[in-house]
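Have a look at the structure below, then the notes.
The values are calculated or read from the model by the stated rules, or taken from the named source; none is laboratory data. All values derive from a computational prediction rather than experimental measurement. Note: ideal-geometry Cβ built from the backbone for every residue, glycine included; neighbour counts use all protein chains shown.
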Amino acid sequence: MDRKKINSLVIIGVIVGFMLAIQFQTVSKPEVRDTRDTWQLREDLLKEKELQSRLIKEIRSIEEKLNEYETEREQGKGNTLRNTLEELKQEAGLTELTGPGLTIYIEQLNEELILGTSGATLSPDLLERLLNEINMYGAKHVSVAGQRVINTTVIRDINGETKINGRSLTKFPIEIIVLTEDFTVAEKLYNQMQVSKSAEEFFIDNLTVTIKKPELSIAVPAFEDSIRIRGMEQVKSDKGDS
């Protein structure tokens, strides 16, 4: 057998061996297929549905919380308006208030000390000077003879009688209630009034001033009358507005 034939046989043997090796490799590694049965597929599907259900519940829970936050925010606006209105009413004197403060009494001198005069009256100027003084020393809310003193309060003489908010101040003793920011301010106000010259001015008009020691809680009444606002008109809306 010549060399050419031998070489041809060797080449053919190599090719046949290579093909046999490839075929053996294919048989030994078959294609991987899904071998799960129907029940396993049903279980997997059920798990997916349960996961989907949990996600939907979580989404709904988050939406409910967002709605609650929005409701609380809207209610918070209403509470803020109510709180602001209450603060404005307090500042305007339309509510009764309690807190630390003191009481001042204005009384007539004993008749035997008046030296033959028929009695004493409290003048508007004297009362206004007293109120200005206690305001300067820390008064926050004041009432005179049960009448709340506010920004629009008028003290004046009408037909020989001193009146506040239209009420006469003819009955003695006249009680003045003073509320302060805190008890410390009430004590300072008490000490200042002890050395004030107001007592001398009242004595000249046959009156005495008695200042009681500060208390932790006293009350001033609310302003009784309606507050009149002058120089203001309601804004008229445009015709096109609803």
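Structure summary
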| item | result |
| --- | --- |
| Of residues in the range 110-169 being of a type in the set (A, V, I, L, M) and at positive phi, the one modelled with the highest pLDDT | ALA145 |
| Failed condition for VAL32, given (1) part of a helix (DSSP H, G or I); (2) modelled with pLDDT under 75; (3) of a type in the set (A, V, I, L, M, F, W, C) | (1) |
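Per-residue answers, yes or no, for (1) buried (at least 19 other Cβ atoms within 10 Å of the Cβ); (2) over 24 Å from GLN192 (Cβ atoms):
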| residue | (1), (2) |
| --- | --- |
| LEU130 | yes, no |
| ASN135 | no, no |
| HIS141 | yes, no |
| THR152 | no, yes |
| ILE177 | yes, no |
